[in-house]
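A.B. asks: Here it is, the structure, as structure tokens.
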Amino acid sequence: MNSATPKNIDEYLSWQPEKVRSVLEKLRKTIIETAPGAEEVISYKMPAFKYHGILLYFAAFKNHCSLFAANSSLTDDMKAELKAYKTSAGTIQFTIDNPLPAALVKKIVKARMKQNLSKKK
């Protein structure tokens with residue numbers, strides 16, 4: 001993994017091996033489709049999306065990828081749906097061989113959008 005800070009998500013993805021890039025591009029596409037008003041940013045050297053605050057982050061690591069839901073209650077609330085993945089305090093780990101299904105990503109994104117909007121009130 002490159003230790004430099006990428007300028008944007010496209011650059012971050014370009015630094016990943018093809019198989020990882022493909023999985024992360026699908027994840028990104030699902031997030032964009034589910035939260036079309038979300039802003040793509042780089043935060044903590046990782047791709048992130050903002051929607052009334054940080055919506056979520058994602059990143060590639062040596063042996064896995066992670067989706068950071070930026071809220072530990074979400075992973076607790078969705079424990080049954082996430083049982084096929086390693087989770088901890090707002091983090092969901094997955095591999096290129098066992099990526100997060102689009103339907104699950106959509107559910108996570110919608111839940112985070114709702115959380116961010118309720119915080120704003």
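A.B. asks: Of Asn71, Asn98, Asn63, which has the largest mean-square fluctuation in a 10 Å C-alpha GNM of the chain?
C.D. replies: Asn63
A.B. asks: Which stretch or stretches of the range 68-99 have amide N atoms under 11 Å from the point lying 7 Å from Lys29's Cα along the Cα→Cβ direction?
C.D. replies: Within reach of a label on Lys29, which here means backbone N under 11 Å from a point 7 Å along Cα→Cβ, the range 68-99 contributes nothing.
A.B. asks: About its Cα centre, how strong a charge dipole does the chain have in debye, to the nearest 20, once Lys and Arg get +1 and Asp and Glu get -1 at the Cβ?
C.D. replies: Dipole about the Cα centre, nearest 20: 360 debye.
A.B. asks: Under 25 Å from the Cα of Lys19, which lysines turn up, not counting those fewer than eight places away in the same chain?
C.D. replies: Filter leaves Lys7, Lys29, Lys45, Lys62, Lys83, Lys86, Lys106, Lys107.
A.B. asks: For n ≥ 4 DSSP H runs only, could you compute -39500 (n - 2.57) per run for the chain, divide by its residues and tell me the 222 nm figure to the nearest 500?
C.D. replies: Rounded to the nearest 500, it is -12500 deg cm²/dmol.
A.B. asks: At a threshold of 8 angstrom on Cα-Cα distance, excluding pairs fewer than six apart, so keeping six or more, what relative contact order does the chain reach in percent?
C.D. replies: About 24 percent, as a whole number.
A.B. asks: Mind giving me the nanometre distance, one decimal, between the label points for Lys83 and Leu117, set 7 Å out from Cα along Cα→Cβ?
C.D. replies: Modelled inter-label distance: 3.1 nm.
Any read-out appearing in this document is the output of simple, stated calculations on the displayed coordinates, not a laboratory observation. What you see is a predicted model, and the numbers here were worked out from it, not measured in a lab. Glycine gets a Cβ as well: all are built from the backbone with ideal geometry, and neighbour counts include every protein chain shown.
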